[in-house]
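Here is the structure we will look at.
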Amino acid sequence: MNIIEIIDKKRLKKELNYDEINYAFMGYLNGDIESYQMSALLMAIVLNGMSDEEVYHLTDVFINSGDILDLSKINGVIVDKHSTGGIGDKTTLIIAPIVASLGVKVCKMSGRGLGYTGGTIDKLESIPGFNVNLTDEEIIKEVNTIGMAITSQTKNLTPLDKVVYALRDVTGTVESIPLIASSIMSKKIASGASKILIDIKVGEGALIKTKEDALKLSELMKNIGNHYNREVRTLITDMDRPLGRTVGNLLEVVEAASILKGYGKDTYLYKVCIDIASNMVSMALNTPIDDSITLVEKVISNGEAYRKFLEFIKYQGGRLEDAALSKKTRVIKSDRMGEIKEINALKIGMLSASLGSSKFSVDDQIDYGVGVVLNKKVGDVVKFGDPLCTIYIGDKEDYPNPLDAFTIE
Ligand code: URA
């Protein structure tokens with residue numbers, strides 16, 4: 001087999017078989033295929049797409065490149081959840097305790113953020129003492145005891161996806177529906193759950209910019225799920241503006257806690273959480289969606305979901321009482337009057353990242369207490385001098401002008 005023939009075949013829009021996909025991608029992982037050759041193949045895939053059959057082959061190759069989690073020792077139905085990522089997305093912290101308090105098992109491998117995106121693991125690490133490095137035995141014990149666990153990836157799951165994703169990131173080949181679908185689904189399948197809920201974010205602050213592409217991705221992920229005998233549901237949710245009022249690790253934990261205490265019921269964050277949680281409950285318990293919504297709202301109102309959140313943090317060693325936000329804050333005031341037409345998610349993400357809430361390179365240190373709290377939402381009318389947002393500042397003073405994130409007319 002020859003890598004140049006494989007690249008040529010894809011360039012000419014011909015279908016690759018399993019052996020060709022395996023040869024090219026595993027060859028890249030093993031160092032037999034050069035990064036410029038893999039880059040050329042990836043770009044040919046971005047431009048010419050892949051058939052469903054090719055996507056199944058690629059997903060298979062990703063899965064078989066590493067370990068597969070065995071969740072058979074967990075009693076009960078496990079439902080996994082994944083978001084394609086966005087600014088201020090703290091939904092895992094809210095949803096997991098909700099569904100766990102209804103008897104649905106959550107065994108979640110989460111990631112860290114890089115650049116302007118935050119990761120659930122970084123948010124949890126903002127709580128002093130919180131252990132994000134659980135062993136397989138600890139995960140199983142915790143899920144069987146309290147119904148949920150959130151940990152960083154312990155095993156060597158889909159190592160091929162890791163190296164291919166890093167290459168895509170620097171070669172303009174991230175935005176491809178077949179590549180995104182196989183990358184995400186391979187990780188979910190290797191993580192062992194038989195029921196999977198995918199939250200596809202669409203909009204300015206998301207990887208997927210249009211509803212049309214989100215629908216295509218949704219269809220393809222469901223097909224992959226079917227192929228592997230997994231039940232997959234998808235939701236398409238808005239990421240034109242930050243999700244919720246806060247961006248920044250500890251700030252987002254605090255906001256998650258307040259939603260679980262029943263605050264913010266009129267917010268989009270609350271609505272998204274209810275949608276995701278009720279679909280997970282419906283999948284696990286086979287209940288109609290309306291009944292599932294009633295169950296979810298009940299455990300928020302009666303405090304059970306919030307108690308589960310506290311139990312989970314304590315179980316993994318976290319001491320919420322010792323967590324501290326940055327002491328130094330600055331209120332950003334409007335320099336004009338008018339209606340807020342846009343709060344740009346990407347710019348708020350960049351602002352928070354520049355303050356130190358995420359890493360730009362692997363050696364950076366995260367400042368867990370920094371971030372942004374939005375004081376206004378899109379559609380609000382403001383006067384000159386009204387507070388738009390409050391920023392929590394640490395050591396880094398070189399951040400973009402917060403006013404640039406707001407369009408006021
Ligand atoms: N997230 C992933 O894990 N993979 C992609 O390709 C895109 C988003």
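The values are calculated or read from the model by the stated rules, or taken from the named source; none is laboratory data. Treat the numbers as computed from the prediction; the structure is a model and nothing was measured. Ideal geometry is used to build each Cβ from the backbone, glycine not excepted, and the neighbour counts take in all protein chains shown. For the accessible areas, the whole protein counts, side chains as well, though only heavy atoms, and no ligand, DNA or RNA atoms are used. Shrake-Rupley method; radii C 1.70, N 1.55, O 1.52, S 1.80 Å.
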Worksheet, complete the sentence: To the nearest 10 degrees, the tilt of helix 304-315 (Cα long axis) against the first principal axis of the alpha carbons of the chain is 70 degrees
Worksheet item: Tell me, what is the per residue accessible area of the chain in Å², probe radius 1.4 Å?
Response: 43 Å²
Worksheet, complete the sentence: Any aspartates and glutamates whose Cα falls less than 14 Å from that of K9, other than same-chain ones fewer than 8 residues away, would be D19, E20, E54
Worksheet item: In this model, which of K123/K359; K162/K211; K108/K201; K188/K271; K201/K298 are farther than 22 Å apart at the alpha-carbon?
Response: K162/K211; K188/K271; K201/K298
Discussion item. Ignoring everything except DSSP H segments at least 4 long, calculate the 222 nm mean residue ellipticity for the chain; use -39,500 (n - 2.57) per segment, divide by total residues, nearest 500.
Written reply: -14000 deg cm²/dmol
Worksheet item: How much of the accessible area of region 295-386, in percent, comes from carbon and sulfur atoms when a 1.4 Å probe is used?
Response: 52 percent
Worksheet item: Going by alpha carbons, how many degrees (0 to 90, nearest 10) lie between the helix axis of 91-100 and the longest principal axis of the chain?
Response: 90 degrees
Discussion item. Quick check on region 79-321: take the gyration tensor over C-alpha atoms, sort the square-rooted eigenvalues as a ≥ b ≥ c, and tell me if it's rounded (a/c under 1.5), prolate or oblate.
Written reply: rounded
Worksheet item: For the chain, which semi-axes, largest first and in whole Å, follow from the square roots of 5 times the eigenvalues of its Cα gyration tensor?
Response: 35, 27, 20
Worksheet item: For region 1-69, what mean projected area does the convex hull of the alpha carbons give, in nm²?
Response: 4.5 nm²
Discussion item. Can you list residues from other chains, or at least 5 along the same chain, whose modelled amide H is less than 5 Å from the amide H of T237?
Written reply: I200, K201, V202
Response to the item:
Any trypsin sites (Lys or Arg not before Pro) in region 16-112 that lie in a DSSP loop and have at most 12 other Cβ atoms within 10 Å would be K73
Practice prompt. Would you mind telling me the share, in percent, of accessible area of region 32-138 contributed by carbon and sulfur at probe 1.4 angstrom?
Written response: 47 percent
Worksheet item: Which percentage, to the nearest 5, of the DSSP beta bridges contained in the chain is antiparallel?
Response: 45 percent
Practice prompt. Kindly express, to the nearest 10 degrees and within the range 0 to 90, the angle between helix 52-64's C-alpha long axis and the longest C-alpha principal axis of the chain.
Written response: 80 degrees
